[in-house]
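The values are calculated or read from the model by the stated rules, or taken from the named source; none is laboratory data. This is a predicted model, so every value here is computed, not measured. Note that we place each Cβ from the backbone using ideal geometry, even for glycine, and neighbour counts take in every protein chain shown.
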Amino acid sequence: MSQHYYGQRLGMLDDQQFQAALDRFGLGALVRTEPITSGNFGQNVFVTTSLGEFVLRGSSHFEWQFPTEQFFADLLHKRSQLPIPWPYLLDEQEDIFGWSYALMPRLPGQQTTDPQFYNPLPEQDKRHIAQAMGTALAELHRITWPVCGRYDPLTQTIQPLQLQQELAWPFPAKPSFQQTPQLPFSQMVVSIVRYHLEKQASANSITSQEFDWGAQIIEQAAQAADDDFQPALVHADYSKHNLVVERLHGQWRVSGVFDLMGLFFGNSEMDLARPVATLLEEDKSRAELFLQAYHQAHQIRSGFASRFAMYMLMDRLVIWAFAKSSQKRWWDESLTFQQWAEPFVSFASQYV
């Protein structure tokens, strides 16, 4: 029996456990396994069998994580051309590993987070990849729903967003939480951004001047906020970290999008902040090409720049808080929040 360590989250696992999981879905004989070192949470393992290449995803963060990912994988498969991990095979029993797990096909392609792959590419290829990312996100946003909401495993459908639940997400709202009258999405998102700003101020992670700067951006966006949009699928973490690309017939394309845990229905504009920010860290022209490709499929609505600046502010607040708490900052740690975030927000506010 061959046993290996697969990281702090998955721990020690042996080949018999992997074979038992494969047998449950008829996925062939185990050939080898390979820990996936990229990503923040260590949930995934590459699994090669006699029938193909797969990914095992285990030890869910929350009971709802894998059912939610399965729901959206099925939805994307049925209603879009976007390559995603499907079929998403979910085993909620815990008799094999001690936790539930999912098995899915390994998507072809490579991540641009891999410097050995990405860095040597000519600039023209990197620009084409940015355009392909914009086109792929536009395809994801083609999926719509009657209301803004999240998947609820209990009812097995989309339930309308509730402000207190969104403020606590991904954790459950406090037990004392009582549903309030449904807020329009425009009001809800303004409240959420204010909450993140106030939270950083309370933690002394930003100065009073930085708070005022953020509050001004929110106020400008609130004046441009509207609910004149069709709720669309939002990935919420669409970036080079959660996709792979490949060159097919001389053309770059996104060959897979994954990590479907955070998907929900809302204003698709908010999904642009994170990919644009990650591309801005590389090169401004790539971010511009991404947006141009995206907006070939999605027309810009009036007031977009003000709303985009607020969404970028919210994304930077979330990343700032995560990086600080996990001690994973990849930028100059001498920078204050505003010094770090302002170039991203300024780009968003000036984009037309």
Inset, instruction - Those residues that are out of contact with any helix residue (DSSP H, G or I) (no Cβ under 6 Å at 6 or more places or on another chain), modelled with pLDDT of 95 or more and either β-branched (Val, Ile, Thr) or under 18 Å from residue 111 (Cβ atoms) (or both), I need them from segment 215-264; list them, please. - result: 237, 242, 243, 244, 246, 247, 255, 256, 257
Inset, instruction - Could you grab me the full set of residues in segment 273-309 that are assigned to a helix (DSSP H, G or I) and of a type in the set (Gly, Ala, Ser)? - result: 273, 277, 285, 287, 293, 305, 306, 309
Inset, instruction - Scan segment 219-243 residue by residue and report those that are in contact (Cβ under 8 Å) with a residue 12 or more places away in the chain and over 16 Å from residue 184 (Cα atoms). - result: 220, 233, 234, 235, 236, 237, 238, 239, 240, 241, 242, 243
Inset, instruction - Would you mention how many residues in segment 211-235 are part of a loop (DSSP other than H, G, I, E, B) and either surrounded by fewer than 18 Cβ atoms within 10 Å (Cβ to Cβ) or of a type in the set (S, T, N, Q) (or both)? - result: 5
Inset, instruction - May I ask you to list the residues in segment 250-265 that are out of contact with any Pro (no Cβ under 6 Å at 6 or more places or on another chain) and either hydroxyl-bearing (Ser, Thr, Tyr) or not in a loop (DSSP other than H, G, I, E, B) (or both)? - result: 251, 252, 253, 254, 257, 264
Inset, instruction - Could you tell me whether segment 107-116 includes any residue that is out of contact with any Pro (no Cβ under 8 Å at 6 or more places or on another chain) and closer than 19 Å to residue 20 by Cβ? - result: no
Legend entry - residue 169 being in contact with a strand residue (DSSP E or B) (Cβ under 7 Å, 6 or more places away or on another chain) and among the aromatic types (Phe, Trp, Tyr): no
Inset, instruction - Output the number of residues of segment 1-34 satisfying the condition of being within 12 Å of residue 58 (Cβ to Cβ) and of a type in the set (Lys, Arg). - result: 1
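Going through 211, 185 one at a time, which residue ends up being in contact with a Cys (Cβ under 7 Å, 6 or more places away or on another chain) and either more than 30 Å from residue 38 (Cβ to Cβ) or touching a residue at least 24 places away in the same chain (Cβ under 8 Å) (or both)?
The match here is 185.
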Legend entry - Selected residue [buried (at least 18 other Cβ atoms within 10 Å of the Cβ) and farther than 26 Å from residue 145 by Cβ] from 248, 197: 197
Inset, instruction - Please list, ordered by first then second residue, the pairs with beta carbon atoms under 7 Å, 6 or more apart or interchain, first in segment 140-156 and assigned by TED's automatic domain parsing to the domain that holds residue 269, second loosely packed, with under 15 Cβ neighbours inside 10 Å and of a type outside the set (A, V, I, L, M). - result: 143/79; 144/230; 149/159; 150/159; 152/159
